[in-house]
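Here's the structure we're looking at; comments come further down.
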Amino acid sequence: MVEAYADAHWPGPVRVFGCALRPITLAHVLLLQVARSPFPLAEGATAGLGDALIATWILSRSWRAAAVRLWSRSMRWWLAWRAVLWRLNKADLASRVELLDRVIGRACSLPPFWADAESRESTAPPLLALKLELMARGKTEAEALDTLMAVAAWECTGWAERGGRVNFVTETDAECMSRLASRRNQGN
C-alpha cells in the first residue's frame, strides 16, 4: 500500500503515439468526460483510434491548454495528422489503447477500503465529491483541479479513514480475501 501511495505522487513517464503524457489531474479527467472519452474502459468496453487520440491529446498538455483548445481547429488538425501517421506506420492500436486504459485507470482508482456500516453512499458524481472534499480541506477550486487524480483519491480516502467513515484494506485483509475467493472457486 505504501508503494501505491508513493506512485500516486510521482507516476512514471508514459509515451503514447509519440507524445509524453502529463500526470493526470482532476481537471484532465473532467476534460476526458467532456470529450465523452470511454477511458478508463469499463469491463468489456473498447476504444477506437479516435478515442485513443483524443485522450492522448488531452493528457499530453496542461489541462488549461487542453480546455482552451478542446475541439479547436488546431486540435482537429493534430488528430488528423496523428491518425494518418498511425495508419502509415501500421502501429498496434490495441497495445496503445491498453496502455492508455492502464494509465488512466490507475490514476482514477481509489485505494482499497472498507466502508463503515454507518456511512451512507454518496450520490454525487465521484469527481465532484473529490473536488468538494479537496476544497473543504482548504484548496481553492483551481488548486483542486490541479491536484493529481490519484493523489486526490488517496487523500480523500485518508480523510475519510481519519473521520471513521472507512478503513483501508490492509495487506493481511487482501490476502484473506484472495484465499477466500480461491476456496470459493475451487468449490464451484
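Please treat every number below as a calculation from the coordinates, not as lab data. Please read all numbers here as calculations on a predicted model, not as lab measurements. Note: ideal-geometry Cβ built from the backbone for every residue, glycine included; neighbour counts use all protein chains shown.
A few notes on this one:
- Dimensions of the chain from C-alpha coordinates, computed as largest minus smallest value along each principal axis and given longest first, are 52, 48, 29 Å.
- Region 132-188 and region 19-79 have Cα centres spaced 25 Å apart.
- Maximal additional length on extending the T46-V68 stretch stands at 5.2 nm, based on 0.36 nm per residue less the C-alpha distance.
- Mean projected area in nm² (Cα convex hull; one quarter of hull surface) for region 39-107: 4.8 nm²
- Per-residue packing, averaged as other Cβ atoms within 10 Å, sorts the ranges 34-40, 133-139 into the order 34-40, 133-139, beginning with the highest.
- Packing order of peptides 99-107, 50-58, 65-73, highest average first: 50-58, 99-107, 65-73 (average count of other Cβ atoms within 10 Å over each peptide's residues).
- Label zone at A20, where the point sits 7 Å out along the Cα-to-Cβ direction: region 57-86 residues whose backbone N lies under 13 Å: 60-62
- Seen from A27, the other residues with C-beta closer than 13 Å to its C-beta sum to a net charge of +2, counting Lys and Arg as +1 and Asp and Glu as -1.
- Net length available on complete extension from A142 to D7 is 46.3 nm, with 0.36 nm assigned per residue and the Cα-Cα distance removed.
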